[in-house]
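Undergrad: Handing you this structure, nothing more for now.
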Amino acid sequence: MIRHIVMWKFREGTEAQRDEFLTKLRALYGVIPQLRSCEVARSIGEGNYDAVLVSEFDSMEDLASYKADPRHVAVSALCKSIRIDRVAVDYEC
(Lines give C-alpha, C1' and ligand atoms only; values in the text may rest on other atoms or scores of the structure.)
Protein backbone atom coordinates (compact mmCIF):
# COMPACT_ATOMS: atom_id res chain seq x y z
CA MET A 1 0.00 0.00 0.00
CA ILE A 2 1.26 3.50 -0.88
CA ARG A 3 0.27 6.55 1.15
CA HIS A 4 0.39 9.84 -0.79
CA ILE A 5 0.29 13.02 1.30
CA VAL A 6 0.15 16.51 -0.22
CA MET A 7 -0.09 19.90 1.50
CA TRP A 8 -0.76 23.28 -0.10
CA LYS A 9 -0.55 26.98 0.69
CA PHE A 10 -2.94 29.16 -1.29
CA ARG A 11 -2.76 32.82 -2.34
CA GLU A 12 -4.79 35.24 -0.25
CA GLY A 13 -8.08 36.17 -1.87
CA THR A 14 -8.59 32.73 -3.43
CA GLU A 15 -10.82 31.27 -0.72
CA ALA A 16 -13.73 30.52 -3.07
CA GLN A 17 -11.44 28.76 -5.55
CA ARG A 18 -9.73 26.90 -2.70
CA ASP A 19 -13.07 25.59 -1.45
CA GLU A 20 -14.01 24.59 -5.02
CA PHE A 21 -10.68 22.77 -5.41
CA LEU A 22 -11.04 20.88 -2.14
CA THR A 23 -14.63 19.89 -2.96
CA LYS A 24 -13.62 18.64 -6.42
CA LEU A 25 -10.63 16.80 -4.97
CA ARG A 26 -12.87 14.99 -2.45
CA ALA A 27 -15.26 14.10 -5.29
CA LEU A 28 -12.55 12.05 -7.04
CA TYR A 29 -12.92 9.36 -4.37
CA GLY A 30 -15.17 6.61 -5.68
CA VAL A 31 -14.72 7.89 -9.24
CA ILE A 32 -11.08 7.09 -9.95
CA PRO A 33 -10.77 3.37 -9.17
CA GLN A 34 -7.09 3.42 -8.16
CA LEU A 35 -7.85 5.82 -5.27
CA ARG A 36 -8.37 3.42 -2.33
CA SER A 37 -8.88 6.04 0.38
CA CYS A 38 -8.95 9.80 0.46
CA GLU A 39 -9.04 12.39 3.23
CA VAL A 40 -9.04 16.08 2.38
CA ALA A 41 -8.99 18.72 5.12
CA ARG A 42 -8.39 22.40 5.71
CA SER A 43 -5.92 23.43 8.39
CA ILE A 44 -7.32 24.89 11.58
CA GLY A 45 -3.93 26.24 12.66
CA GLU A 46 -2.29 29.57 11.85
CA GLY A 47 0.98 29.85 9.95
CA ASN A 48 0.81 26.32 8.58
CA TYR A 49 -0.11 24.88 5.23
CA ASP A 50 -3.74 25.58 4.32
CA ALA A 51 -4.94 22.12 3.30
CA VAL A 52 -3.89 18.48 3.15
CA LEU A 53 -4.66 15.37 1.14
CA VAL A 54 -3.97 11.93 2.61
CA SER A 55 -4.68 9.19 0.08
CA GLU A 56 -3.81 5.54 -0.45
CA PHE A 57 -3.09 3.41 -3.50
CA ASP A 58 -2.24 -0.24 -4.00
CA SER A 59 0.99 0.58 -5.87
CA MET A 60 3.13 3.37 -7.30
CA GLU A 61 1.70 2.42 -10.71
CA ASP A 62 -1.82 3.09 -9.41
CA LEU A 63 -0.67 6.44 -8.03
CA ALA A 64 0.80 7.31 -11.43
CA SER A 65 -2.47 6.32 -13.12
CA TYR A 66 -4.41 8.53 -10.70
CA LYS A 67 -2.12 11.49 -11.39
CA ALA A 68 -2.54 11.02 -15.16
CA ASP A 69 -6.33 10.57 -15.04
CA PRO A 70 -7.98 13.51 -16.87
CA ARG A 71 -10.35 14.09 -13.94
CA HIS A 72 -7.41 14.51 -11.57
CA VAL A 73 -5.51 16.62 -14.10
CA ALA A 74 -8.45 19.06 -14.28
CA VAL A 75 -8.67 19.38 -10.49
CA SER A 76 -4.90 19.76 -10.27
CA ALA A 77 -4.97 22.59 -12.82
CA LEU A 78 -7.36 24.54 -10.58
CA CYS A 79 -5.00 24.03 -7.64
CA LYS A 80 -1.96 25.14 -9.64
CA SER A 81 -3.74 28.39 -10.49
CA ILE A 82 -4.20 29.37 -6.83
CA ARG A 83 -1.38 27.74 -4.85
CA ILE A 84 1.82 29.40 -3.74
CA ASP A 85 3.47 26.27 -2.34
CA ARG A 86 3.06 22.50 -2.41
CA VAL A 87 4.85 19.68 -0.62
CA ALA A 88 4.28 15.96 -1.03
CA VAL A 89 5.53 12.64 0.25
CA ASP A 90 4.82 9.07 -0.84
CA TYR A 91 5.68 6.05 1.30
CA GLU A 92 4.86 2.39 1.75
CA CYS A 93 2.56 1.55 4.62
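Undergrad: Quick one: check the C-alpha center-to-center distance for segment 61-91 versus segment 1-42, whole angstrom.
TA: After rounding, the separation between the Cα centres reads 9 Å.
Undergrad: So, with +1 on the Cβ of K and R and -1 on the Cβ of D and E, and no other charges, what is the size of the charge dipole of segment 51-93 about its Cα centre, to the nearest 20 debye?
TA: Result for segment 51-93 is approximately 440 debye, rounded to the nearest 20.
Undergrad: If I model a spin label at residue 61 and residue 11 as a point 7 Å from the Cα along the Cα→Cβ vector, what separation in nanometres do I get?
TA: Simple spin-label model gives 4.0 nm for this pair.
Undergrad: How much net charge surrounds residue 4 when only the other residues with a Cβ under 14 Å from the Cβ of residue 4 are counted, with Lys and Arg +1 and Asp and Glu -1?
TA: -4
Undergrad: Quick check: with the 1.4 Å probe, what order do 84, 32 take by accessible area, largest first?
TA: 84, 32
Undergrad: When all C-alpha to C-alpha distances in segment 11-73 are sorted into bins of 10 Å, what percent of pairs does each bin hold, rounded to whole numbers?
TA: For segment 11-73, the binned pair fractions read 20, 49, 26, 6 percent.
Undergrad: When the dipole is taken about the Cα centre of the chain, and only Lys, Arg (+1) and Asp, Glu (-1) are charged at their Cβ, what size is it in debye, to the nearest 20?
TA: That gives the chain a dipole magnitude of about 280 debye.
Undergrad: With a cut-off of at most 15 other beta carbons within 10 Å, and DSSP calling the residue loop, which GluC sites (Glu not before Pro) in segment 8-93 qualify? Please list them.
TA: 12, 46
The values are calculated or read from the model by the stated rules, or taken from the named source; none is laboratory data. This one's a predicted model, so the numbers in the text were calculated from it and none came from an experiment. Cβ: placed from backbone, ideal geometry, glycine included. Neighbour counts: every protein chain shown. Just so you know, the surface numbers come from the protein's heavy atoms only, side chains and all, with ligands and any DNA or RNA stripped out. Shrake-Rupley method; radii C 1.70, N 1.55, O 1.52, S 1.80 Å.
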